[in-house]
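Some notes on the structure that comes next.
The values are calculated or read from the model by the stated rules, or taken from the named source; none is laboratory data. In this text the structure is predicted, and so the values were computed from the model without any measurement. Here the Cβ positions follow ideal geometry from the backbone for every residue, glycine too, while neighbour counts run over all protein chains shown.
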Amino acid sequence: MPDFRPASGSSEPTFAELYTPKLITVLRDGYGLADFRADVVAGLTVAIVALPLSMAIAIASGASPDRGLYTAIIGGFLISLFSGSRFQIGGPAGAFIVLVAATVERHGIDGLILATAISGMIMIAAGYLRFGTYIKLIPYPVTVGFTAGIATIIIASQIKDLFGLTLEKEPGPLVPKLQALSHAFGTFNAMAIGLSVLTLVCIFGLKRFRPKWPNLLIAVGLATLAAWALNLPVETIGSRFGAIPSLPPAPSLPAFDLTKVQAVLPDAFAFALLGSIESLLSAVVADGMTGRRHRSNCELVGQGIGNIGSALFGGICVTGTIARTATNVRAGARSPFSGMLHSLFLLLFLMVAAPLASFIPLAALAGVLTFVAWNMAEKREFAALLRSSRGDAVILLATFGLTIFRDLTEGIVVGFLIGAVIFINRMAKEITVEARAPVIVDDQADGARSERTLYQSDLASDPDVIVYRIRGAFFFGAAASVGAVLDRIADQHKAFILDLSAVPFLDSTAANTIHGTCRQASRGGVKLFVTGARPAVQQVLITHGLRPPLAEYRATIEDAMRDAHSAQHPMTAPALQAS
């Protein structure tokens, strides 16, 4: 019988192996001057990308631009310090724009900061409870669906600034938002449209012809220079938000009371769920680019610490960001020091150039976010999933539609549940029950396979013994159909052999189904033998009452056939044993 226990010498990973930050691992393995130089270059490269992006995401989220910078500086530094990935870059993410904006609208900035801190605590708890492995089980169509939905909402949220529209209050839901924007379209600002076009052309052009240049920063810089030099009548960071401070504020605890906590708790859970998904996806992308392996539960702990730290300094939600992490890897990063240096460079930029940020036109930042959303949409993947199968298309469209028209969390949960139901249905159809199929494979030369009956023909033709073989995972989804087959045991049979050698997994529902069949067989005087059951499968069966004398366990069908035949024909047993 196969033994599926760990190989000799292997064991479960220790607490230290699971939760030691990658920074400690890097230092333990050896870190030299050449590595530091590479990390400096990578950190500076990512900081140049993150500078305009952090402000743009904060503004789109309903917060001031300085809070986006505080998020990247404080949260990004802590995530790299405690991360379970060597290359993770933390900061405000476009995926959070919808959730954060809705939270600000419902609870204000204070409620947002409190929800961010609570989400950090939830992520730390999830990490220590080892939920990181399970978060990665979210189906691919769900991630593509909610990402495309977020991208659509981001683009819709930037129409106002892209066209310089005058709108007293912009609704949050997509359909009312589009209606209000269409009514206000007559207030468009041609200068703002020109800056938006300039920004987008510059971004896409540099990406096409000079991919190594910092296209976002150059585009925003050119648009800012044009607006200042030509004294264009467009809205800027300074005109809407005022001057940006040159230093982050002193840390302080968010306003805390039980009523407020209860009010923001659903938002905190949504932040934690999306942050966990986003950061682990980012870590997986980095693994694929570098061949390294991240520690998912340690990553969740690091993300939680980063969110708590961001909230203490007035920042918003922080998570691992796929685009900036990929930029970090491509820039030659060697360790988490690159992410920490990226945060320090952002702090330096804030200290030196904060007054200049007031001149940045909002149309330019809207162009940046439109570019980000366009890249987020995963258009090829979306189209491929629509063509791949009906099940994947249903999951994708359900998640996409709910994300746009209802709620991001609802879209993820419903998409996951639909995916789980479809998977259960597919797995339930894979299981088969074969009658009188007691065969094994002989040892043959490579490439040759043959099957033969495991026991003598006189035993195989015994009308008093029936053999059923189950193939596939036997679980609640297949219990009803398999149970219906097993219950068709003819009364004339005296022994019933159930071969489970091809069953890798069996749950309590399946065990209860077999137990019911066994009781029915026992009432009819039929003896049940279970053969080939793996240790884990056998343990589940025994736990649910299938133990001798109700059911007998044998290693092979041959053993069960011989014992069953001997019990029914004791006078012929010696001759059979001799043969």
Report, by residue number, each residue of segment 312-348 that is in a loop (DSSP other than H, G, I, E, B) and under 23 Å from the mean Cα position of the chain (by Cα).
-> 316, 317, 318, 321, 336
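Considering only helices (runs of 4 or more DSSP H) fully contained in segment 12-113, which possess at least 1 residues that are in contact with a helix residue (DSSP H, G or I) (Cβ under 9 Å, 6 or more places away or on another chain) and β-branched (Val, Ile, Thr)? Before you say what the answer is, go through the steps one by one.
Numbers: elements: 15-19, 22-29, 33-60, 65-70, 76-82.
Filter on segment 12-113 gives 22-29, 33-60, 76-82.
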Going through (1) in a helix (DSSP H, G or I); (2) surrounded by 17 or more Cβ atoms within 10 Å (Cβ to Cβ); (3) touching a Ser or Thr at 6+ places or on another chain (Cβ under 9 Å); (4) not polar (S, T, N, Q) one by one, residue 354 fails only at (2)
Members of segment 182-236 that are of a type outside the set (A, V, I, L, M, F, W, C), touching a Leu at 6+ places or on another chain (Cβ under 7 Å) and under 17 Å from residue 50 (Cβ atoms) | 215
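Please state which one of 222, 300 is crowded, with 17+ Cβ neighbours inside 10 Å, hydrophobic (A, V, I, L, M, F, W, C) and modelled with pLDDT of 90 or more. Don't jump to the end; show me each part of the working.
Values: 222 fails: crowded, with 17+ Cβ neighbours inside 10 Å.
Among 222, 300, only 300 is crowded, with 17+ Cβ neighbours inside 10 Å, hydrophobic (A, V, I, L, M, F, W, C) and modelled with pLDDT of 90 or more.
For the condition of a type in the set (D, E, K, R) and assigned by TED's automatic domain parsing to the domain that holds residue 361, what is the one hit in 29, 66? First the steps, then the outcome.
Values: 29 fails: assigned by TED's automatic domain parsing to the domain that holds residue 361.
One residue alone meets the criteria, 66.
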Pick out the one residue from 238, 309 that is in contact with a Phe, Trp or Tyr (Cβ under 9 Å, 6 or more places away or on another chain), crowded, with 21+ Cβ neighbours inside 10 Å and not in a loop (DSSP other than H, G, I, E, B).
-> 309
Output the number of residues of segment 139-158 satisfying the condition of being touching a Phe, Trp or Tyr at 6+ places or on another chain (Cβ under 9 Å) and surrounded by fewer than 20 Cβ atoms within 10 Å (Cβ to Cβ).
-> 2
Name the pairs: first residue in segment 287-310 and outside the structural domain of residue 131 (by TED's automatic domain parsing) and more than 21 Å from residue 15 (Cβ to Cβ), second residue modelled with pLDDT under 95 and among the aromatic types (Phe, Trp, Tyr), Cβ to Cβ under 7 Å, at least 6 apart or on different chains?
-> none
Does residue 466 satisfy being surrounded by fewer than 22 Cβ atoms within 10 Å (Cβ to Cβ), assigned to a strand (DSSP E or B) and either aliphatic (A, V, I, L, M) or at pLDDT below 80 (or both)?
-> yes
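Restricting to segment 251-267, name every residue that is part of a loop (DSSP other than H, G, I, E, B), of a type outside the set (A, V, I, L, M, F, W, C) and exposed (fewer than 11 other Cβ atoms within 10 Å of the Cβ).
Quick first cut of segment 251-267, residues part of a loop (DSSP other than H, G, I, E, B) only: 251-257.
Adding the requirement that they be of a type outside the set (A, V, I, L, M, F, W, C) leaves 251-252, 254, 257.
The one that is part of a loop (DSSP other than H, G, I, E, B), of a type outside the set (A, V, I, L, M, F, W, C) and exposed (fewer than 11 other Cβ atoms within 10 Å of the Cβ): 257.
Looking at segment 400-419, which of its residues are farther than 21 Å from residue 156 by Cα, hydrophobic (A, V, I, L, M, F, W, C) and surrounded by 14 or more Cβ atoms within 10 Å (Cβ to Cβ)? Give the steps one after another, and end with the answer.
Step one: of segment 400-419, the residues farther than 21 Å from residue 156 by Cα are 413-419.
Subset that is hydrophobic (A, V, I, L, M, F, W, C): 413-414, 416-418.
Of everything in segment 400-419, those that are farther than 21 Å from residue 156 by Cα, hydrophobic (A, V, I, L, M, F, W, C) and surrounded by 14 or more Cβ atoms within 10 Å (Cβ to Cβ) turn out to be 413, 414, 416, 418.
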Quick one: residue 193 ticks every box in (1) touching a Phe, Trp or Tyr at 6+ places or on another chain (Cβ under 7 Å); (2) within 30 Å of residue 392 (Cα to Cα) except a single one, so which number is it?
-> (2)
Residue tally, condition surrounded by fewer than 18 Cβ atoms within 10 Å (Cβ to Cβ), under 20 Å from residue 502 (Cβ atoms) and touching a Lys or Arg at 6+ places or on another chain (Cβ under 9 Å), over segment 534-554 | 1
Can you tell me which residue in segment 494-521 is farthest from residue 433 (Cα to Cα), limited to those that are assigned to a strand (DSSP E or B) and not β-branched (Val, Ile, Thr)?
-> 495
Please list, ordered by first then second residue, the pairs with beta carbon atoms under 9 Å, 6 or more apart or interchain, first in segment 10-38 and over 17 Å from residue 338 (Cβ atoms) and modelled with pLDDT under 85, second assigned to a loop (DSSP other than H, G, I, E, B) and not charged (D, E, K, R).
-> 12/6
